[in-house]
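Some notes on the structure that comes next.
Bear in mind these aren't lab numbers, they're just calculated from the coordinates by the rules spelled out. On a predicted model such as this, the values are computed, not experimentally measured, just so you know. Reconstructed Cβ throughout: ideal geometry from the backbone, glycine too, with neighbour counts over all protein chains shown.
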Amino acid sequence: MAITSNLVTPSQLRALVAAEIPQRFALYRLGVAALEMPQEIVGAYYQFRKRKPMTEASTPADGATTDGSVETASHFSQQAAVIKRFKPLTFTDAEISQCEEMGMDEYTTRVVAPLFADYWVYEFHRLTGLVLTGLFDAAAGVLKDTHMVSVTEPFSMTSCLLGKNKLGERQGDLGALFVHSDVFHDMQLEARVEWLDQIGDQRLTKRIPVYEGLVVNIDDGLPTSGSGATKTYDSFMLAPGGLQFAIGRGMRVEEQPIANPPSRLVSQSVDIVAHVPGTNYAAATLPPTDVSLAAAASWTKVETENRNIKVVCVRSYSSVN
């Protein structure tokens, strides 16, 4: 039995997904990442509303010294390029029958909206990995000389502390850690990983690993180089304000039937921004592709006060090899 009307109501789906994303985005709930959700994102670049804390002075790339009294948002959040993304989901005939039994509103709320929200949160993490890959490129990354530590051993508490020290007196601000699964293996061997199942009085949908006070995100798309015992892995530490994200609430929703096999295709198109404050996307490729986001040549550094760029890379080995 195939549903003869639409599987979802576009306006309802947009509102539900927009409401679910902040609840499912752990980095945002923990205060590590900033998240803005305007109704629409217009143009090739997005200007974040949040300014740098007024106590943080800096010297922008134009050489004009500024202090907290005259700081402008453009000095800290330079060109944050708008990324276009499209996600289709196919619902089988059996799932469509379930929708008819539950009713469209309940099915959209309980099944469809969470699927899309989880995907866009996953996309936030994946895009972060691409941006950090470009910024810390081993040959030409604009942050490799000021915000990176290299160690010739598996990732450990020692290398973690060396990385933290890159932010000097601001190291206590660090709150998140992105690692490859091989690196996470070494972290677990130390028996120093804790598992968080709630934030404050709110219980999480799934437990979050924590290492040396940092929330761990496991991503096998992070940069590696070489092979065998000297294969290197890049891990990234982030402090609150080290990442900024935006996603437009006006997500475009399309739905179409598929005859064989009987199913329906529901898709969302969104505008996303993933940005490290203090850097600038300077490539001609607009909207950015995965390749351009991960390219060192796409990025420039516009904040000269290193402690104000709140991301650190630790390049290490792994005992897995």
Extension gain (nm, one decimal) between residue 102 and residue 220, 0.36 nm per residue minus Cα-Cα: 38.7 nm
Span-like helix ranges in the chain, DSSP H, alpha carbon extent 18 angstrom or more, Kyte mean at least 0.5: 113-135
Formal net charge of residues neighbouring residue 222 (Cβ-Cβ distance under 12 Å; K, R +1; D, E -1): -2
Positive dipole terminus of the chain, leading residue within 167, 227, 109 (C-beta point charges): 167
Count, lysine Cα pairs under 16 Å in the chain, 8 or more residues apart or across chains: 10
Alpha carbon centroid spacing (whole Å) that separates the stretch 287-321 from the stretch 112-164: 7 Å
Ellipsoid semi-axes in whole angstrom, largest first, where each is sqrt(5λ) of the Cα gyration tensor of the chain: 36, 24, 18
Total charge dipole magnitude, the chain, about the Cα centre, Cβ charges on Lys, Arg, Asp, Glu only, Debye to nearest 20: 420 debye
Cα-Cα pairs of the stretch 142-211 separated by more than 17 Å (percent): 54 percent
Rg/Rg_ref, the stretch 75-188, where Rg_ref = 2.2 N^0.38 Å and atoms are Cα: 1.57
Mean separation of Cα contacts under 8 Å (6+ apart) over length of the chain, as relative contact order %: 32 percent
